[in-house]
Amino acid sequence: MVVNDFGDLDTGAEFIFIPIRRYALPTLIKDLEARSSSKVTITQEGSKLIVNCNQRQNLPSVNFLLKGVDGSNVEVKIPPDAYVDIRTDAKKQTFCRILLEVSDDDVWGIGHPSVMGRYFLYDWKNSKIGISELK
């Protein structure tokens, strides 16, 4: 999945928020399942997307194209390890939640899954953000 659209970088947000004009939840589920490297079944529980923890590595990466200073596209690739969270419910059952949510906002919200494996440098004076992969 490659995204070339307007977005807000919000490293304090737990999710990647997707504008509903871009994807309705059932469409997002079908797209993720279709782009997976092997069979993956995603279930919807309210607004939550759940995947079998043994299948999470088969999900596709989510790639964002950010505009570089020179106008070029800078790709930020978010692997499933960064956007799938292993959790435990009240009954002590483990499940994997996909940290993608459909939102009424008109822009993508790029939350903390984008931070994993990267350095960020904020230049507030010049309204710039530098992003680099950890080595």
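For ASP10, nonlocal amide neighbours, meaning residues 5 or more places apart or on other chains whose placed amide H falls under 5 Å from its own, are ILE110, GLY111.
According to the Cα-based calculation, Rg over Rh for the chain is 0.98, with Rh computed by the Kirkwood formula. Here's the list of lysines a cross-link from LYS39 could span, going by alpha-carbon distance under 27 Å and ignoring same-chain residues fewer than 8 apart: LYS30, LYS48, LYS77, LYS92.
Each peptide in 19-27, 50-58 was scored by the mean count of other Cβ atoms within 10 Å over its residues; highest first, the order is 50-58, 19-27.
The long axis of helix 25-35 is offset from the longest Cα principal axis of the chain by roughly 90 degrees.
As a length-normalised measure over Cα pairs under 8 Å and 6 or more apart, the relative contact order of the chain settles at 35 percent. The helix-based estimate of mean residue ellipticity at 222 nm for the chain, built from -39,500 (n - 2.57) per DSSP H run of four or more residues and divided by its residue count, is -3000 deg cm²/dmol to the nearest 500.
In a reduced charge model with +1 at each Lys and Arg Cβ and -1 at each Asp and Glu Cβ, the stretch 2-133 shows a dipole moment near 420 debye about its Cα centre. Between LEU66, LEU100, LEU121, the GNM of the chain built on Cα springs shorter than 10 angstrom shows LEU121 fluctuating the most.
All of the numbers you see were taken from the coordinates with simple rules; none came from a lab. Because the structure is a prediction, the values reported are computed rather than measured. Using ideal geometry, Cβ is built from the backbone for each residue, glycine included, and neighbour counts are taken over all protein chains shown.
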